[in-house]
Amino acid sequence: MRLLITFISTSLLSIIIACSSSSEKESAIGAPQDPSILAPPSDKRAWLTKANLESNTYPHSSPIHNGYFMPVGIESPALEEFSGTITISNGQIIGNFSENYLIGDESFKNFPNVDFSFFSNNGKLIPINRDRQVTLEDDSFWGIILDPGKVWSEADDNGWSRASFPFTFISARRNNAHNGLATFLYKGTEISHLRIQIVQETALWFKNDMMAQLSANYETQIFAQRDSILEAYLSEVENTVMIKDWSELEKISSNERLTEFNSNLSTNTINQTALIKDNEVYLQPCYTRYGNYPYCRWMRNGAYSMTKSMGMALTTFRLAEKYGTDLFDLKIGDYLNVTASHSGWDLVTFGNVLSMAVGIGDLSSTQGSGEIFADENQTKMETWIAKNSEIEKLSLSFSYGNYTWGPGVEFRYNSALHFVLAAALDNYYKNIAGENADLWQMIIDEVFLPIGIQHVPNIRTIETDDSFGIAELFHGLYLNVDDMAKISMLLQNEGSNNGVQLLHKEKLKEALFRTEEQGLHSWWEDNQYGESRYLHGFWTSPFGNNINCLEQIPYMSGYGGNMFAILPNGISLFRFSDSESYTPSNMIKISNIERSICPN
């Protein structure tokens, strides 16, 4: 069983550093670097040739340009269809793991035991399993999420066909996402080595290139579920939102400040960013360290605490629509065995926890201090995050002390307390729908599928009795651009989809600060326009004209610099990054020029 690493920091997540071993040094590639591997391909394939993919060793000291994972020169249809399972028989991941190394732990270098089953159709390579694949039993730190790729052929491959696909490396307990590409050749029942590289990530604590040349076997197979998976995939593609290049917005916009949208951040720190306007997405290139990511439509990003809004809040709003808003006033203690040694939880409601106004914590006991992150990312929380099961997590969540001011009074951000609501909501739903009911599956069936999102990978607890864990909901979603656009449309429409109310309208309007309810002072985004607020899992950034207009702009925020703002002018905008830039204010100002937020 692999070692689960505990991360300890006061403000940033970091891995305990130890000296690297000789085996770490042996992983380094000593081959001289050919600068041509970093340049975009010409019309003639120079790298990832048939000979390269048949080699037993990785020939470079870094990843290569992403363009080589796609067709180079004249592209022809694949010479045969692909249908079967790839098994990785040998190979280790290469990378600079010295800063993330624990003595005796080789898990960062071990490729995970995952299901590489695909079939092709009309030039597309479609995975059988597109959920999170991760286990604690394979001696690898990594898990994986697979997404659709393509198959084709090139004349110089001597009768072999080519395939490539995007994937995302993940881990068991963290919401990190490491964006990768893979490619191989196939012919009959034969397959070349599998070449992979990791070239970008939403993982501030682990910004590393990774690559490998993996020995692989191919077993052909006809999948019983092929037709249903293909039908779902074709529907998914057909119903993808309109995605346009950012350059198209620059052409039609009179906004000369669009170039400031990224706030002067290095593109190396930005995975994906876009402006959503009139149900169309204007998407910047998916930046990586080795050229733009060629599967930008399928690029998945770790949402981290944006899940508190798109996971926890949306789940609560759906339950409120189904069963009524009395849900917000229910007591946590009526749905969970509260093991705290004090009475601070006695009056805490579901609504208090959703709005981070629990009145529970260990550090900074001075009311009004503005130390909203006093308990976040401290030693106890890092221990808590590494716990696998629901009961282990709840035990630590209930070990926090009792502030004097009680619930509903002051905003204090604490992910360990937020998880308590995930467990309480799960029990609430089971009391109504039955002991075997799965809350997150209900949200998939009744919210995400109706708006056109088929695949919603999310982190669940891992239970020792092999039962299905609960969705953790304080973090855990892995989202792509189409997901973001469809969630944006649902929120802008105040929870309605095709005339059907999926989320409770009034509670969602409160979260979007479209009512008189203004939540609590959050301190985090105070600016020249006023105090920032927090309510129902949504932050605000104040914006106005300093005359007769002040709007609280609702947004979601996630570790590293992820943000997703829902503007009252109908525009939404998002950025996935590990830039450590947490303010959406500049993006809001640029969007205001595009379409005014304040009435004329």
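Taken together, the values in this text are just the output of simple stated rules run on the coordinates, not laboratory data. Note that the structure is a prediction, hence the values are computed from the model and not measured. We place every Cβ from the backbone using ideal geometry, glycine too, and count neighbours over all the protein chains shown.
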**Asked** With the dipole of the chain worked out from charges on the C-beta (+1 for Lys and Arg, -1 for Asp and Glu) around the Cα centre, which of 307, 332, 468 lies farthest toward the positive end?
**Response** 307
**Asked** With each pseudo-label sitting 7 Å past Cα toward Cβ, what's the residue 219-residue 259 distance in nm, one decimal?
**Response** 5.7
**Above-threshold pairs, the threshold being 23 Å between Cα atoms, out of 50/244; 207/486; 308/393** = 50/244; 207/486
**Message:** Taking 8 Å as the Cα distance limit and 6 or more residues as the minimum spacing, I'd like the relative contact order of the chain as a percentage.
**Reply:** 14
**Prompt:** In debye to the nearest 20, how big a dipole does the chain give about its Cα centre with +1 on each Lys and Arg Cβ and -1 on each Asp and Glu Cβ?
**Reply:** 740
**Message:** To test your reading of the geometry: what angle, between 0 and 90 degrees and rounded to tens, separates the Cα axis of helix 226-238 from the longest principal axis of the chain?
**Reply:** 70
**Gain on full stretching of the segment that runs from residue 39 to residue 496 - 0.36 nm per residue minus C-alpha separation** = 159.8 nm
**Whole-Hz ³J(HN,Hα) from phi, Karplus 6.51 cos²θ - 1.76 cosθ + 1.60, for region 291-297, glycine and proline x** = x, 5, 6, x, 10, 4, 4
**Request:** Just subtract the alpha-carbon distance of residue 409 and residue 122 from 0.36 nm times their residue separation and send over the number in nm, one decimal.
**Result:** 97.5 nm
**Asked** Put +1 on the Cβ of each Lys and Arg and -1 on the Cβ of each Asp and Glu in the chain; which of 84, 60, 46 then has its Cα farthest toward the positive end of the dipole?
**Response** 46
**Item:** Sites residue 367 and residue 137, calculated FRET efficiency, Cβ-Cβ separation with R0 30 Å, nearest 0.05
**Value:** 0.05
**Request:** Within region 382-399, find all residues whose amide N lies under 18 Å from a label point positioned 7 Å from the Cα of residue 464 along Cα-to-beta-carbon.
**Result:** 384-397
**Asked** Does anyone have the angle between helix 314-323 and the longest principal axis of the chain? Alpha-carbon axes, 0 to 90°, nearest 10?
**Response** 60
**Request:** Might you report the magnitude of the Cβ-based charge dipole of region 306-479 about its Cα centre, with Lys and Arg at +1 and Asp and Glu at -1, to the nearest 20 debye?
**Result:** 260
**Prompt:** The list [x] 102, 59, 38; [y] 72, 56, 47; [z] 88, 87, 57 gives values of Cα extents along the principal axes in Å, and only one came from this structure; which label was calculated from it?
**Reply:** [y]
**Prompt:** Relative to the first principal axis of the alpha-carbon coordinates of the chain, what is the inclination of helix 415-433, with its axis defined by its Cα atoms, in degrees from 0 to 90 and to the nearest 10?
**Reply:** 90
**Request:** Take peptides 297-303, 343-349 and line them up by average Cβ neighbours within 10 Å, highest first, as a rough protection proxy.
**Result:** 297-303, 343-349
**Theoretical FRET efficiency, 1/(1+(r/R0)^6), r = Cβ-Cβ of residue 240 and residue 339, R0 30 Å, to 0.05** = 0.05
**Prompt:** If R0 is 60 Å, what FRET efficiency do you get for residue 521 and residue 189 from their C-beta distance, rounded to 0.05?
**Reply:** 0.40
**Item:** Compactness relative to 2.2 N^0.38 Å, alpha carbon Rg of region 306-479
**Value:** 1.00
**Farthest positive-ward along the chain dipole, Cα basis, beta-carbon charges - from 178, 395, 583** = 583
**Asked** Given H placed on each backbone N at 1.01 Å, which residues far from residue 200 in sequence or on other chains put an amide H within less than 5 Å of it?
**Response** 179
**Message:** What's the magnitude of the charge dipole for region 22-225 around its Cα centre, counting Lys and Arg as +1 and Asp and Glu as -1 at the beta-carbon? Answer in Debye, nearest 20.
**Reply:** 380
**Fill in**
Everything considered on the Cα gyration tensor (a ≥ b ≥ c; rounded for a/c under 1.5, else prolate if a/b is larger than b/c, else oblate), region 22-225 must be described as oblate
